Amino acid sequence: MTSSLIPERPLLISPTLAATIGLEETVMLHVISELLLQHTLITRKQRQWAELNYESFQKLMPFWSLIDIKRIRKNLLEKGLIHIETVAENSDAFLIAINQTYKDEQTNTKQHSKKPNTLSSVFNTNEASGKASFIPPNWQPSEDLYSQFQQHNIPKEFVEQRIKSFVMYWRERQKAQYSWHNTFLNWIIKDWRKEQSYQGIKELESDMNSTWRPSGEALSILENAGVNSSFMEDSIPEFVLYWKERGLITSTWNTKFIAHIRRQWAKFTLAVENDPTPRLIPTDYEPSPACFEVLQMANIDESFASEQIREFILYWQDRKEAHPSWNTKFLQHVKYKWAHHQQSNLPSTQQVQNTIERFTDRSWAE
């Protein structure tokens, strides 16, 4: 009797396999096995392949999103349980095969008249016959495992150098595993990626030399932060000399340079802002925003104040006098000019005289 609550063929999975490779991976592996039994297979590289796509995957596994399907498929690939090959660059179709050798022997056609059980040899019953076990002292990876490492472009010498330490590590911990095959596979893949990352960093490392210069990207970052380009150029020799004497070898010279310049620029700008030393007026002098705020509080138009800047600069350039604060001088100058500007709008001589007395301050020119 068929239950209305289960309208489709149920998925049956192996509890032992689920404990070994994970529940999600086991479910997908069983689905792939069923698909391979139903599809026309292509025999190549001693394996049987089927052409599938993500749409067919999602129809059979609607309980997972596409991102989950890709993640679990990637886990199976990394565990060496399946093989994937792309069909075309702009297509989501792919060839998939379960990782087991298939030999088409013409002399024994009856043996291959039926499609093989595609899941039977994935789970190594010699290693995990239904329960976890401790690693033997003379444990060695199988030839099939070496083939999987070759697919990941991991040299055989790299694998052999780590067998002894792998066995010692797990014997010291006295921890049982369902499959030492998969445990070693994941161990080596992780170790290989770490080694590749380390080698990549080592290749970029160098000591400081006299010809070193920051990259264009580093200079661009500092320019966007408002650091003067001349200030950066002047700081390079000092930076190079400092690190040459210390003999440091690193791959992060640009990062160090950015941090150094930012610190030095902050100190420099702070010192300039708070420096009481009298200076001649710069040709490109611009009043600070605070000046315009003060003038606005005195009801003096910002546009009027801006019109006085050029005259103010020329006046003090001709006098060649140095002052510690040109912003203060500018405030006094604008107030003086504003008083005279307002004279034509006042109704009486007395009001004109009072306004001039209130706003006229000759100290700005003293």
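Quick rundown of the values:
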| read-out | value |
| --- | --- |
| Tally, over region 309-351, of residues that are assigned to a loop (DSSP other than H, G, I, E, B), at pLDDT 85 or above and surrounded by 11 or more Cβ atoms within 10 Å (Cβ to Cβ) | 2 |
| All positions within region 151-177 that are touching a strand residue (DSSP E or B) at 6+ places or on another chain (Cβ under 8 Å) and not aliphatic (A, V, I, L, M) | Gln151, Trp170, Gln177 |
| Any hit, region 65-87, residues being surrounded by fewer than 18 Cβ atoms within 10 Å (Cβ to Cβ), over 29 Å from the mean Cα position of the chain (by Cα), of a type outside the set (Phe, Trp, Tyr) and modelled with pLDDT under 80 | yes |
| Long-range neighbours under 9 Å by Cβ, at least six apart or interchain, first residue in the same structural domain as Thr183 (by TED's automatic domain parsing) within region 79-94, second modelled with pLDDT under 75 and surrounded by 12 or more Cβ atoms within 10 Å (Cβ to Cβ) | none |
| Matching residues, region 154-192, being surrounded by 15 or more Cβ atoms within 10 Å (Cβ to Cβ), not polar (S, T, N, Q) and not in a helix (DSSP H, G or I) | Ile154, Arg162, Tyr178 |
| Filter result (under 21 Å from Gln196 (Cβ atoms) and in a loop (DSSP other than H, G, I, E, B)) within region 132-153 | Pro141, His152, Asn153 |
| Matching residues, region 236-285, being charged (D, E, K, R) and over 24 Å from Ile313 (Cβ atoms) | Glu238, Lys244, Glu245, Arg246, Lys256, Arg262, Arg263, Lys267 |
| Scan of region 14-29 for residues that are in contact with a helix residue (DSSP H, G or I) (Cβ under 9 Å, 6 or more places away or on another chain) and either among the hydroxyl-bearing types (Ser, Thr, Tyr) or closer than 17 Å to Trp64 by Cα (or both), ordered by number | Ser14, Thr20, Gly22, Glu24, Glu25, Thr26, Val27, Met28, Leu29 |
| Counted residues, region 283-308 - those being assigned to a helix (DSSP H, G or I) and under 14 Å from Gln332 (Cβ atoms) | 4 |
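The values are calculated or read from the model by the stated rules, or taken from the named source; none is laboratory data. None of these values were measured; they are calculated from a predicted model. Neighbour counts run over all protein chains shown; Cβ positions are idealised from the backbone, glycine included.
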